[in-house]
Amino acid sequence: MSLMLDFSNVMEENLGHEQGIKLADFERILERGGKIQNDLRQRAENGEIGFYKLPYSEDLAEEIETYAALVRERYDYYIHNGIGGSALGPIALHTSLRSAHYNMKSSPKMFFPDNIDPDWINELLDQIDVSKTLFHIVSKSGETAETAATTLFFMKYLKEKLGDNFYKNILFTTDPVKGLLNQIAREYPIKCFRIPPDVGGRFSVLSPVGLVSAAISGINIKELLAGAREMSVICDNSDLMKNPAFIFAAIHYMYMKRGKNISVMMPYSNKLRDMADWYCQLWAESLGKRFDVSGELVEVGQTPVKALGATDQHSQIQLYVEGPNDKIITFLEVESFSNNIPLNNYFTYINEFDYFKNRSLGELLNNEKKATELALTNNHRPNLTIKFPEVNEKSIGAFFFLLEAATAFAGGLLNINAFDQPGVEEGKIATYALMGRSGYETKRKEIETLLSRKKSYKI
Ligand code: PA5
């Protein structure tokens, strides 16, 4: 297997009687787990939950690779314009599998602006030549305000440079039929990739949402899918005690029941840093729900937090080791780094540095992880480790799939719908209303009335 889930440090033998989980605790929810698994399988088959199928889209990968080769020839810059599930996965893919200094030596230079701060977006314009830029507009709904607005912002410059040929520098990834991007694509011969209707934004990284930018930067997307495929088989294991998606979900579920409402993801690897960001959206948006599937008020969820080892050992760890015992921490550990140059002590008169001799930065990083893990466990703070033998396409593909499958299981255990996002939609509708979009007049009036009644406290 390309990844390993080590959950020793949540087990009673290691964490202690009060905070630890017993094998019997797992056994109590195995039967329910089996039912959830069958239900998820059924819904995947019915075309209700589409992410399970994405690792098997080898033909699509071929098509994307051919397209990516053309992009590399034709453009010097690539802008990925999307937000939320249409951006976080692609960003995590890029930063995990490409060099941090990719744009200094590779072409096309890649940018992933996933916000609408006007100054920040404007600064980006200084970095590119619009006429040599491919603008990849990624939106499942095809109408999210942020993505629409930045598209219009870039259009001004595209129109100025290319006139009616502006469409040649645009690529859409969107729903097969619905949404405003499809209306534009009916007017202009814009290339479109499709997000399957049964794949939600935060589960879409292994669709064209993530695969296109990855292929353009030379990531081997077939290997990525192969890693995800391998993991999809492992996560389909009916022996749930050997199924890492179930185990991850079950542990988090059991701790949620015990009041641990914070889930920290802490990669000990800069390359995996944005994976924690991707996980935060996946876990928060999928599991943070007011009602369960039968409409009962439950207000469940777990607040995801991202941290980075070793950096945050000097920031957050004090709180995690000694503060409220309300968290479960997942470390991401890399067994083998690509560069592990041995250190030497150049200051021979300082014996205290000798312990670095013939040791590497990677060894220090992993020992620091071990030290943090020990400190947490000794203080009865539950923690898990997902171990990457190395960071490569296979392990990254496997990781995406594992966490998506775990989220689906966790949704089942919490008895909520992990695949909708009514809270996000509420914010989107309020934005349309506040911006004066037609069709949202009633909502606008409602908001104005609410605001007029608001009591103000300001100093
Ligand atoms: O996971 C989700 O559904 C959301 O985070 C969406 O990805 C996000 O709101 C962007 O939506 P869209 O891709 O429709 O523009």
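The values are calculated or read from the model by the stated rules, or taken from the named source; none is laboratory data. Every value quoted in this text rests on a predicted model; they were computed, and no experiment measured them. Glycine gets a Cβ as well: all are built from the backbone with ideal geometry, and neighbour counts include every protein chain shown. We work out accessible area using only protein heavy atoms, side chains counted, and drop any ligands, DNA or RNA first. Shrake-Rupley method; radii C 1.70, N 1.55, O 1.52, S 1.80 Å.
Numbers for the structure displayed
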read-out: The stretch 216-227, subset under 18 Å from the mean Cα position of the chain (by Cα) and aliphatic (A, V, I, L, M), residue surrounded by the fewest Cβ atoms within 10 Å (Cβ to Cβ); value: I219
read-out: Selection count, the stretch 413-443, where residues are more than 16 Å from the ligand (Cβ to nearest atom) and either open to solvent by less than 90 Å² (accessible area, probe 1.4 Å) or not in a helix (DSSP H, G or I) (or both); value: 9
read-out: Members of the stretch 337-354 that are in a loop (DSSP other than H, G, I, E, B) and more than 23 Å from the chain's Cα centre (by Cα); value: S338, N339, N340, I341, P342, N344, N345, Y346, F347, T348, Y349, I350
read-out: Meets criteria (away from the ligand (no atom under 16 Å from the Cβ), in a helix (DSSP H, G or I), under 30 Å from A406 (Cα atoms) and open to solvent by 30 Å² or more (accessible area, probe 1.4 Å)) for E230; value: yes
read-out: In the stretch 362-404, the residues that are of a type in the set (S, T, Y) and over 20 Å from R273 (Cβ atoms); value: T377
read-out: Residue count for the stretch 320-336, restricted to those that are under 12 Å from M266 (Cα atoms) and either outside any strand (DSSP E or B) or without any contact (Cβ under 8 Å) to a residue 40 or more places away in the chain (or both); value: 1
read-out: Cβ pairs under 7 Å, 6+ apart, first in the stretch 172-188 and assigned by TED's automatic domain parsing to the domain that holds A148, second open to solvent by 80 Å² or more (accessible area, probe 1.4 Å); value: D175/P197; P176/R194; P176/P197
read-out: Residue match in the stretch 447-457 (condition: in contact (Cβ under 8 Å) with a residue 12 or more places away in the chain and over 23 Å from the mean Cα position of the chain (by Cα)); value: yes
read-out: Flag for I247 being open to solvent by 30 Å² or more (accessible area, probe 1.4 Å), in contact with a helix residue (DSSP H, G or I) (Cβ under 9 Å, 6 or more places away or on another chain) and not small (G, A, S); value: no
read-out: Helices (runs of 4 or more DSSP H) completely within the stretch 42-110 that count 2 or more residues being crowded, with 17+ Cβ neighbours inside 10 Å, away from the ligand (no atom under 16 Å from the Cβ) and touching a residue at least 24 places away in the same chain (Cβ under 8 Å); value: 58-74, 88-97
read-out: Sole residue being in contact with a Gly (Cβ under 8 Å, 6 or more places away or on another chain) and either within 16 Å of the ligand (Cβ to nearest atom) or closer than 22 Å to G84 by Cβ (or both), chosen from L211, L224, L240; value: L224
read-out: Test for L15: is it open to solvent by 10 Å² or more (accessible area, probe 1.4 Å), farther than 15 Å from S207 by Cα and among the aliphatic types (A, V, I, L, M); value: no
